[in-house]
Structure formats: structure tokens, C-alpha cells
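For reference, the structure is listed below as C-alpha cells.
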Amino acid sequence: MSSVSPQSPQPGGNVGQDSSVGELLSTVTSDVQHLFRQEVKLAKAEVQEEATRAGKAAGMYGGAGFAGYMVAVFLTLAAMFALANVMDLGWAALIVTAVWAVIGAVLYRRGRERMRTVSAKPEQTMETLKEDAQWARHPTR
């Protein structure tokens, strides 16, 4: 006749029939902690990978912005030299500069109007935090 000997719980393993509730809870807690650590490690790896991809994309946006700037410079020079065919080069440069000044002023005004609508506080988050604090003070209400 074989006897059943009590087995100590093994993380992730089988627990013997004679294990106590405390040992079972200990095993479950250990397994949950191990799982949580693995999930955190996976999340860190995913965030790092996404951050690397986002950094590369941001670099490409920066390159595109610089290329756009260069296009604007050369279009400005082309417009200036085209106007120089019908007037003095100095006046052509002054006209092109005035056009850019108007464009800059319009963009400045639009940006200032939009900036006035931006709130520095995260309003929705502040509201939910207030609700959470009220609930924590009076959880039965």
C-alpha cells in the first residue's frame, strides 16, 4: 500500500493533496507576482520598441520639415529673380519679403487665437480625480 506524502507547493507546479490553504495561497500569490513581473517586462519591451520607431519617424518628419524649408527658400529666390526681370532686384526682394511678412502675420494671429483656447490643466482628469476623492471619503453613497 502506498502512502501519500505531503508535498510542498512548487511555483507553477502541482500541489499535493495534503497542502494547507496557506500553502495554496502562497503558491497563488507567488504565481501572480511572477506573472505580473513578466507582464511588466513585456510592457517595457513593447514601449521601448515603440519609442524607437517613434523616434525614427520623428527624425523623418524633421528631415521633411527641413526639405520643405529649403523648398520655400528656393521658391522665394525664384520669385525674386522672376520679378527682377521686370523691375530692379532690390524692389523684387522687398516685394517677396513683404509677402512673407503678411504670411507670417496671418499665421501668428491664427496661432495666438488657437493658443488662447488651450487649457494648461487636464480638466477631465481633474474632474475624475475629484469624483474619486469623494468616493474614497464616502464609498457607500
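Coordinate-derived values only; no laboratory data. A quick note: this is a predicted structure, and the numbers were derived from the prediction, not measured. Positions of Cβ are backbone-derived with ideal geometry, glycine not excepted, and every protein chain shown enters the neighbour counts.
General remarks:
- For the chain, the longest principal axis of the alpha carbon atoms and the long axis of helix 89-116 meet at an angle near 30°.
- Among the listed values (i) 9, 12, 15, 17, 14, 11, 9, 7, 4, 2, 1, 0; (ii) 10, 31, 25, 20, 11, 3; (iii) 12, 44, 34, 8, 2, 0, the one matching P(r) over Cα pairs in 10 Å bins from 0, in percent as calculated from this structure is (i).
- When only the Cβ of Lys, Arg, Asp and Glu is charged (+1, +1, -1, -1), the dipole of the range 29-141 relative to its Cα centre reaches about 300 debye.
- Degrees, to the nearest 10: 21-84 long Cα axis against longest axis of the chain: 10
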